[in-house]
């Protein structure tokens with residue numbers, strides 16, 4: 001946690017209300033997002049219990065599974081969910097635009113808009129990922145057929161879940177993450193995972209402090225958990241008898257209808273508060289102006305959406321259970337690049353994020369006191385325009401001489417550090433030599449060189465394009481990574497787990513497992 | 001009764017001590033620096049009741065569905081005398097699957113002490129065949145009707161269902177019941193833990209996996225003490241635990257090995273600390289009480305005399321956490337350890353804000369933190385002002 005964020009949290013404690021940690025919105029919000037609040041059955045492997053789904057606050061559709069241990073009912077639920085999700089996805093496959101690639105030598109197309117799914121918390125993202133995993137390999141024929149649309153739903157849910165891993169993507173957002181990206185509460189990160197408590201801090205009801213609102217939100221009787229896990233008390237007192245009544249009804253049509261209605265009522269009561277909080281959270285986020293680079297990142301989501309839609313159209317295979325060695329390395333590389341770009345873009349978009357880098361000495365803001373816009377370096381083969389400016393700053397400057405800096409205000413211009421000279425009163429003089437973004441001749445175009453009196457931020461963070469790494473073809477997987485697939489003598493090594501190892505999910509087995517059987521049970 | 005035990009009984013009040021189990025012992029490793037917790041758990045105080053009495057009831061409960069599912073899965077895995085289980089465990093350990101194995105159900109019997117003795121005798125008798133002292137004919141007779149046979153070196157594997165093990169926690173005997181102990185597979189004892197959380201594509205929920213590892217470590221420790229107590233090498237109990245979970249979304253069980261060496265160290269250290277409660281008790285005021293029969297105000301006043309070390313993680317593992325959190329309000333630790341560190345280790349929120357505002361005389365040892373906080377406050381104000 002950065003000191004600035006921790007300080008904001010301390011201020012939130014004192015003020016009794018959450019404090020902003022961003023001045024702009026760092027994520028894209030669709031005009032018509034699909035809000036999805038899932039509930040899962042305790043103890044089961046990601047068995048859906050209910051969901052509320054829809055694209056408008058007054059239009060939440062309730063789906064329930066009256067007997068979550070019943071496989072057919074689970075797939076019926078998946079089919080019902082697909083009936084909402086798939087048309088929503090398809091609705092974004094309208095007009096497209098041409099994008100030039102390969103420096104204009106080629107062109108590709110991408111849809112003008114892309115679907116966006118919002119869930120309450122990271123556990124909701126995990127739920128969708130596992131629901132996608134449990135449905136995308138299902139067969140619509142054979143011994144255990146599932147409805148047509150179920151495997152397709154699984155592939156799209158997997159698409160969203162994989163996008164959610166990509167830093168800066170807005171295709172699938174967890175509301176708690178989206179909110180904590182912009183506000184710091186006076187509670188811990190663990191407590192921030194509880195959506196009602198988090199919103200209690202950000203927008204407490206009149207007459208309550210954030211802490212009081214959050215404490216109230218912790219009582220499951222007042223405020224049901226935002227899922228997918230349900231409150232054990234609710235399970236034991238209300239849900240279990242209702243499910244038993246439904247099962248006991250058997251073929252008695254009247255009793256079954258009544259039991260179903262009772263279950264529906266119970267689950268609606270559990271889901272509705274979270275459903276409303278989702279739209280409130282969305283409203284709070286919409287009130288923030290979007291950052292300048294948010295649209296650019298959304299372009300990436302549109303690209304990914306277009307590519308996946310085409311992959312599905314072309315009869316491509318569903319996403320594999322596990323990546324092979326080359327695909328895993330490429331994915332890791334892609335995610336690392338995305339994380340680095342996202343960090344830079346957020347800092348460039350938002351002075352409050354840049355302040356974190358100023359505090360650690362990776363950026364500084366200074367006033368231009370001298371400028372030589374006409375300076376030409378003629379020491380090389382050809383004379384080049386290399387203006388110099390001198391800034392004075394009160395902030396610590398930890399960048400070394402020779403480092404290449406850039407300014408969010410002038411992202412196309414590079415500034416090489418020539419001198420760093422500490423002077424009196426804790427101030428520092430920095431001389432920078434500029435290159436780029438000043439026209440083609442030996443005279444800078446007007447306004448392209450900072451003028452005396454301007455206050456500017458310079459940072460080591462760079463938006464410059466970093467070419468992506470090269471990876472071998474799958475059949476050329478090096479022996480260090482298990483060799484080409486198919487011949488894998490290393491797979492026989494017995495796996496041993498270190499449960500304390502960090503990571504998104506603890507790895508329990510290194511063994512290569514076969515693709516799941518088409519008749520793999522889901523119960 | 002020693003003076004310490006007398007003290008603990010007084011603290012607890014007129015109720016019998018709450019019994020520990022593997023889960024509560026595992027939870028002890030969560031926040032080892034907390035004196036309040038060590039004293040209360042050492043005394044066997046009924047913490048859920050205590051928390052309720054002082055107005056901070058803890059919402060710890062388990063869903064009926066989860067319990068049902070857990071029991072059903074365990075029963076399924078152990079069906080047919082554990083034939084399927086034996087195959088899973090043997091294959092995971094990389095040893096040939098034995099054609100026969102004895103199955104001893106130690107889960108019955110009301111009297112814990114009796115059960116513990118029976119389990120101890122049978123387990124000690126089932127030492128791996130390679131060990132010379134494994135040949136105890138009278139024990140062999142009790143596991144599976146081979147009374148007249150001589151014990152041979154290629155003796156079949158033995159599975160013990162729900163043996164009852166003992167472990168000393170804070171000077172008291174605690175009874176522990178692992179799901180299964182496999183003997184004479186791969187030449188060692190293995191603790192087998194059956195959990196109903198799924199392993200999907202080789203990955204399990206990290207939190208559940210970590211909890212299972214600590215819990216299993218408690219069993220390994222108890223089993224090792226049993227062997228050591230009988231003069232055998234405690235290392236005969238493997239520090240790799242076999243975890244049996246449902247695979248993917250099916251009910252089909254799959255076995256994995258969990259290396260619990262690290263957890264063993266942690267549990268051992270905490271148990272040693274609990275055994276030295278006398279030292280901790282010297283720092284506890286003589287009139288300290290956690291007797292749920294006392295009135296709430298007395299209890300709150302009493303509890304506040306024994307320092308807690310609240311961290312947000314406590315909320316998941318300690319019934320008293322909501323009380324401690326309320327008490328820690330206004331402290332940076334309540335925001336989480338990372339926040340406290342990012343604030344230069346300053347304890348109180350008020351102090352942080354005073355240092356950040358620069359309107360407080362700074363102790364020399366706080367100079368660095370103060371400079372950091374002032375710079376942070378200035379930058380924050382600058383950025384928020386610039387955007388406004």
Can you tell me which residue within the range B:318-355, out of those that are part of a loop (DSSP other than H, G, I, E, B) and within 10 Å of another protein chain (Cβ to nearest Cβ), is farthest from residue A:7 (Cα to Cα)?
B:329
Looking at A:83, A:51, A:79, A:45, can you tell me which residue is in contact with a helix residue (DSSP H, G or I) (Cβ under 6 Å, 6 or more places away or on another chain) and either crowded, with 17+ Cβ neighbours inside 10 Å or assigned to a helix (DSSP H, G or I) (or both)?
A:79
If the requirement is being buried (at least 24 other Cβ atoms within 10 Å of the Cβ), over 21 Å from the mean Cα position of the chain (by Cα) and more than 13 Å from every other protein chain (Cβ to nearest Cβ), which of these qualifies: A:210, A:186, A:227, A:200?
A:200
Suppose we filter the range B:242-298 for residues that are touching a residue at least 60 places away in the same chain (Cβ under 8 Å) and either assigned by TED's automatic domain parsing to the domain that holds residue B:23 or in a helix (DSSP H, G or I) (or both); how many remain?
23
Take residue A:221 and decide whether it is more than 9 Å from chain B (Cβ to nearest Cβ), surrounded by 15 or more Cβ atoms within 10 Å (Cβ to Cβ), free of Cβ contacts under 8 Å to residues at least 40 places away in the same chain and closer than 19 Å to residue A:39 by Cβ.
no
Determine whether the range B:306-316 contains at least one residue that is at pLDDT 90 or above, assigned to a helix (DSSP H, G or I) and within 14 Å of chain A (Cβ to nearest Cβ).
yes
Within the range A:86-117, residues being in contact with a strand residue (DSSP E or B) (Cβ under 8 Å, 6 or more places away or on another chain) and surrounded by 10 or more Cβ atoms within 10 Å (Cβ to Cβ) number 17
Filter the range A:285-309 down to the residues that are surrounded by fewer than 18 Cβ atoms within 10 Å (Cβ to Cβ) and in contact with a strand residue (DSSP E or B) (Cβ under 9 Å, 6 or more places away or on another chain), then identify the one that is farthest from residue A:200 (Cα to Cα).
A:307
Of all residues being surrounded by fewer than 23 Cβ atoms within 10 Å (Cβ to Cβ) and in a loop (DSSP other than H, G, I, E, B) in the range A:67-76, which is farthest from the other protein chains (Cβ to nearest Cβ)? Just the residue, please.
A:70
Which one of these does residue A:298 not meet: (1) in the same structural domain as residue A:122 (by TED's automatic domain parsing); (2) part of a helix (DSSP H, G or I); (3) touching a helix residue (DSSP H, G or I) at 6+ places or on another chain (Cβ under 6 Å); (4) touching a residue at least 12 places away in the same chain (Cβ under 8 Å)?
(3)
Any hit, the range A:339-354, residues being surrounded by fewer than 21 Cβ atoms within 10 Å (Cβ to Cβ) and not in a helix (DSSP H, G or I):
no
Of the listed residues (A:396, A:400), the one being at pLDDT below 90 and within 29 Å of residue A:340 (Cα to Cα) is A:396
When the range A:55-65 is checked residue by residue, the ones that are in contact with a strand residue (DSSP E or B) (Cβ under 7 Å, 6 or more places away or on another chain), more than 15 Å from residue A:76 (Cα to Cα) and either within 14 Å of chain B (Cβ to nearest Cβ) or touching a residue at least 40 places away in the same chain (Cβ under 8 Å) (or both) are A:60
The one condition residue B:368 fails out of (1) outside any helix (DSSP H, G or I); (2) more than 9 Å from every other protein chain (Cβ to nearest Cβ); (3) in contact (Cβ under 8 Å) with a residue 24 or more places away in the chain is (1)
Conditions: (1) closer than 17 Å to residue B:88 by Cα; (2) surrounded by fewer than 18 Cβ atoms within 10 Å (Cβ to Cβ); (3) more than 9 Å from every other protein chain (Cβ to nearest Cβ). Residue B:173 meets all but one. Number of the miss?
(1)
Please determine whether any residue of the range B:91-112 is in a helix (DSSP H, G or I), at pLDDT 80 or above and touching a helix residue (DSSP H, G or I) at 6+ places or on another chain (Cβ under 8 Å).
no
Only listed residue being out of contact with any strand residue (DSSP E or B) (no Cβ under 8 Å at 6 or more places or on another chain), buried (at least 18 other Cβ atoms within 10 Å of the Cβ) and either farther than 18 Å from residue B:241 by Cα or modelled with pLDDT under 75 (or both), chosen from B:121, B:147, B:129, B:125
B:125
If you take the residues of the range A:12-35 that are facing chain B (nearest Cβ under 7 Å) and more than 22 Å from the chain's Cα centre (by Cα), which of them is farthest from residue A:202 (Cα to Cα)?
A:14
Residue that is nearest to the other protein chains (Cβ to nearest Cβ), among those in the range B:279-297 that are surrounded by 14 or more Cβ atoms within 10 Å (Cβ to Cβ) and over 19 Å from residue B:321 (Cβ atoms)
B:294
Note on residue B:195: of the conditions (1) buried (at least 24 other Cβ atoms within 10 Å of the Cβ); (2) within 18 Å of residue B:88 (Cβ to Cβ); (3) within 14 Å of another protein chain (Cβ to nearest Cβ), unmet is (1)
Of the conditions (1) away from chain A (no Cβ under 14 Å); (2) modelled with pLDDT of 90 or more, residue B:184 satisfies every one except a single condition; which number is it?
(2)
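The values are calculated or read from the model by the stated rules, or taken from the named source; none is laboratory data. Note that this is a predicted model, so its numbers are computed, not measured. Every residue, glycine as well, gets a Cβ built from its backbone with ideal geometry; the counts of neighbours run over all protein chains shown.
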